[in-house]
1. Does LYS64 satisfy the condition of being within 13 Å of HIS7 (Cα to Cα), part of a strand (DSSP E or B) and of a type in the set (Lys, Arg)?
2. Residues in segment 3-11: is at least one touching a helix residue (DSSP H, G or I) at 6+ places or on another chain (Cβ under 6 Å) and either assigned to a strand (DSSP E or B) or at pLDDT 90 or above (or both)?
3. Considering only segment 46-60, how many residues are touching a residue at least 40 places away in the same chain (Cβ under 8 Å), part of a loop (DSSP other than H, G, I, E, B) and within 12 Å of the chain's Cα centre (by Cα)?
4. Among the residues of segment 51-61, is there at least one that is under 20 Å from PRO14 (Cα atoms) and touching a strand residue (DSSP E or B) at 6+ places or on another chain (Cβ under 9 Å)?
5. Considering every residue within segment 15-32, establish whether at least one is touching a strand residue (DSSP E or B) at 6+ places or on another chain (Cβ under 9 Å), small (Gly, Ala, Ser) and not in a helix (DSSP H, G or I).
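The values are calculated or read from the model by the stated rules, or taken from the named source; none is laboratory data. None of the values given here were measured: they were computed from a predicted structure. As a convention, Cβ positions derive from the backbone with ideal geometry for all residues, glycine included, and neighbour counts pool all protein chains shown.
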Amino acid sequence: MPKLILHAIIIHKPKYKTKEQAFIKTDDMFPDEKLKGFVRETSTSFRVRAVPKTKFDKTTFRTKTINDDISLVFGMMK
């Protein structure tokens, strides 16, 4: 059975105010992940990508809420 792989870490605003703060937090949380530094800002959050979405089966994404500030997005690779 295929396993879920971390796709992105969502850092919710307003606790984290800049892309740099969001990236530092995710790098501290996942020191073994090879995060490239890609951070996309939305009106409510920052999304730090671990693996590009093109490498996943688009119907398999699942979100796990860690706390009010952080959510993780997982998926199964193609």
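1. So LYS64 fits the description; yes.
2. Scanning segment 3-11 turns up at least one residue that is touching a helix residue (DSSP H, G or I) at 6+ places or on another chain (Cβ under 6 Å) and either assigned to a strand (DSSP E or B) or at pLDDT 90 or above (or both).
3. Adding up the residues that qualify gives 2.
4. no
5. no
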